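Q: Here's a structure for you.
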């Protein structure tokens with residue numbers, strides 16, 4: 001009788017050790033879970049940035065379809081295009097002066 005109790009206790013203890021080993025050190029451990037949560041948060045932030053960029057692109061596409069002025073402004077500002085007898089002047093911001101003012 002005592003042997004069966006000892007065997008049962010040994011069996012339950014070994015199963016408990018195996019379960020704790022899997023929980024803390026296995027493929028589905030807490031460390032892996034926490035790492036996946038961090039990766040998920042990073043991916044969610046990237047997705048939000050992409051959504052914002054998509055909204056901007058959709059706005060530009062809608063404006064380009066509806067307005068010729070938008071196309072002309074885009075060509076002038078981003079592609080540096082101008083008419084043959086026209087000079088196009090751009091101003092570059094100097095960040096060093098801004099840093100010195102602060």
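Q: Could you tell me how many of the residues in region 70-94 are over 27 Å from residue 57 (Cβ atoms) and modelled with pLDDT under 70?
A: So the answer is 1.
Q: State whether one or more residues within region 23-30 are part of a helix (DSSP H, G or I), touching a helix residue (DSSP H, G or I) at 6+ places or on another chain (Cβ under 9 Å), surrounded by 10 or more Cβ atoms within 10 Å (Cβ to Cβ) and modelled with pLDDT of 80 or more.
A: yes
The values are calculated or read from the model by the stated rules, or taken from the named source; none is laboratory data. Since the structure is predicted, the reported quantities are computational estimates derived from the model, not experimental observations. Every residue, glycine among them, receives a Cβ derived from its backbone with ideal geometry; neighbour counts consider all protein chains shown.
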